[in-house]
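Asker: Got a structure for you, written out below as structure tokens; questions coming shortly.
Where a number appears in this text, it was derived from the coordinates with a stated rule and is not lab data. Here the structure is a predicted model, which means the values were calculated and not measured. Here the Cβ is made from the backbone with ideal geometry for all residues, glycine too, and neighbour counts use every protein chain on show.
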Amino acid sequence: MARDSFPEPKPPPDPPEDHTTIKDAGAPNDDDNPDPDPDHDNTGAASGTTIIFHGGQLVVVPGGGNKQAVPNPPNNPPKGKKSKAKRAKKGQDPVGSTTTTTPQISTSSSGNQDTASSAKLQSELQDALNELADCRQMMVILNSANSDLITQRNLLRAQVTDFTDVIASNDSEISSLREELDQAHFKLRKAERRNRYVDDSDRWKADAKYRKKQKDAATMLFGFPSYEPDEAGDEILKERRGAQGLVVKSVSVVTGMMNRFNEELFQTAASCSDLVENQGFEKASMSTSSRERADRVLGTRLVSMILPTIPRNRPLNPIAVQITIQAFLVHWCNSIIEAWYPKQPTFAEFLVDVASKLKVGTNTNICGKNTVITQKHTRESDNLFGDWVEEIIEDLCDVLSIFGWKIGGYSPGKKLSTLAIHTRLLSLVKDAYDIRTAMAEVSTSGDIDLVIVSCDTQFNQQIMEDAYGDRRTTPRKDLGTEEPEGTFEDVVATTGIGLQREILKPHELLELITRDIEMVLRPRVVLEYTLLEAFQ
């Protein structure tokens with residue numbers, strides 16, 4: 001039969017349009033149709049049914065439903081796009097025919113995303129595990145370090161305990177040594193006072209004998225001087241050592257002398273302040289030595305408060321000048337009473353003085369020959385005090401020069417005994433020397449000490465006296481009042497010398513001798529706010 005006589009086969013009918021797609025999820029795409037149909041419509045994928053061939057089974061996935069396993073014959077190939085492709089290849093699809101199929105859901109992109117996400121999570125998990133391992137290792141190291149620190153802490157605590165015991169033992173030893181040192185200092189002060197007493201008594205006796213020799217001129221001409229018992233020139237020197245019944249009386253006598261001395265010091269400073277003139281701040285001394293001397297004599301607080309308030313063309317503030325002179329005189333009188341002035345020559349200086357007197361004129365003494373050093377008479381006390389007053393005036397002018405002040409009528413090289421201030425200071429120096437004589441007598445003074453309050457000390461009314469309290473307009477604050485800390489007033493300068501006495505008392509429990517201070521006479525001081533009000 002001829003080939004052309006066979007009828008042309010009909011193409012297979014199109015599959016029903018039920019929006020169903022068959023796909024093998026476990027195998028790759030067909031070689032004939034590797035890519036999805038470009039004419040495929042995705043509008044019905046959400047509502048259609050998807051049948052996936054996976055693991056030898058057909059999985060039916062309805063729109064929005066669950067997967068169901070349906071048996072799939074192994075010899076029944078899937079239909080759909082492959083038949084359509086073959087028909088398109090053969091050109092048997094009728095012109096104008098329309099085929100609607102269910103869109104294919106690809107899992108390759110989602111699988112890649114799952115794989116990347118899984119790899120990322122795996123990497124993060126590995127990092128977390130590594131970090132955890134590092135933390136555990138660090139924890140082990142920290143635990144070891146903590147154990148070492150605990151051991152060191154225990155060792156340090158043991159050392160602190162040992163050191164505490166050592167410090168307590170040292171404190172006890174220091175307290176005992178301090179008590180011994182205080183007792184030794186107390187004995188040394190008594191010995192120094194005894195030496196000053198002997199020196200002053202010998203000087204007084206020598207002056208008395210010299211004056212008596214001058215009166216007995218007839219006896220001195222024949223060369224037979226007669227010495228009668230010396231008469232005491234001061235009632236205080238009549239009291240003898242060991243007279244315990246006179247100690248209380250002598251303390252009251254010395255206290256009265258110091259009271260009168262402070263009043264005289266106040267009057268002397270007031271009269272001397274009238275002689276002070278203001279040259280102006282332009283003529284103030286810029287010498288470093290003068291400033292250091294003023295700080296040492298007057299105190300740094302008083303100097304620093306007066307310097308910024310020095311007027312240029314106005315009269316001086318009389319209170320400021322008087323306080324300055326009072327503080328200056330207190331410093332000098334304290335040195336005289338304590339026998340720090342004049343300076344006592346040392347033994348080396350004494351030898352130098354003796355050696356200087358061995359040669360008289362051109363005659364030189366031969367070594368080994370006896371030499372007698374004679375002196376006609378001792379110096380009179382009046383002349384001695386005059387020299388002291390001249391030194392005091394020169395020092396006062398040097399101190400006042402840093403403020404631009406000067407003493408009226410004073411000029412370098414001028415004879416100071418002619419100044420009006422010389423007579424006023426001479427009487428004050430004599431009274432200071434009398435108190436020195438009384439303080440030198442141990443039994444007479446009852447071991448009394450002078451009291452000078454240093455600047456920047458907080459005011460305490462129980463042991464100090466406000467010298468200018470009646471001039472104040474603001475209430476005073478001191479340690480005796482219940483004021484918050486930091487509001488107490490400071491002392492600027494001392495304008496009146498005080499007296500205190502050491503008392504040795506037996507301790508009731510320890511059976512030791514304790515030292516206590518009794519304020520016999522309160523020192524007079526000037527407070528900071530008092531001076532500030534005076535400047536206003």
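Asker: Report the extension gain between Arg157 and Val140 in nm, rounded to one decimal, defined as 0.36 nm multiplied by the number of residues separating them, less their alpha carbon distance.
Answerer: 3.6 nm
Asker: Right, here's the next one. In which sequence would Phe488, Phe281, Phe459 go, from the one with the fewest C-beta neighbours within 10 Å to the one with the most?
Answerer: By the 10 Å Cβ count, ascending: Phe281, Phe488, Phe459.
Asker: Now for a separate question. For each of Asp434, Asp127, Asp274, Asp466, count neighbouring Cβ atoms within 10 Å of the residue's Cβ, then give the residues from fewest to most.
Answerer: Least crowded to most crowded, the residues run Asp127, Asp274, Asp434, Asp466.
Asker: Suppose R0 equals 35 Å; then what is the FRET efficiency for Asp387 and Thr288 from their Cβ-Cβ distance, rounded to the nearest 0.05?
Answerer: Once the sixth-power term is evaluated, E becomes 0.80.
Asker: Could I ask something else about it? For Gly496, what residues show an amide H to amide H distance below 5 Å, using hydrogens built from the backbone and excluding near sequence neighbours?
Answerer: Placed amide hydrogens put Arg524 under 5 Å from Gly496.
Asker: Hey, what do the phi angles of the stretch 135-144 turn into as Karplus ³J(HN,Hα) couplings, whole Hz, using 6.51/-1.76/1.60 and θ = phi - 60°, x for Gly and Pro?
Answerer: Listing the rounded values in order: 4, 5, 5, 5, 5, 5, 5, 5, 4, 5 Hz.
Asker: 5 Å is the cut-off here: which amide hydrogens, built 1.01 Å from N in the peptide plane, fall below it relative to Thr457, excluding neighbours closer than 5 in sequence?
Answerer: Residues meeting the criterion, in which the H sits 1.01 Å from N, are Val491.
Asker: What ranking do Glu179, Glu124 get, fewest neighbouring Cβ atoms within 10 angstrom at the top?
Answerer: Glu124, Glu179
Asker: With labels modelled as points extended 7 Å from the Cα through the Cβ direction, what inter-label distance (nm, one decimal) is found for Glu502 paired with Ile167?
Answerer: Result: 3.0 nm between the two label points.
Asker: Could you check the simple spin-label distance between Leu532 and Asn460, using points 7 Å along Cα→Cβ, in nm with one decimal?
Answerer: 2.3
Asker: Something else now. Working out 0.36 nm times the residue gap between Thr300 and Ser252, then minus their Cα-Cα distance, what length gain in nm do you get to one decimal?
Answerer: 13.9 nm
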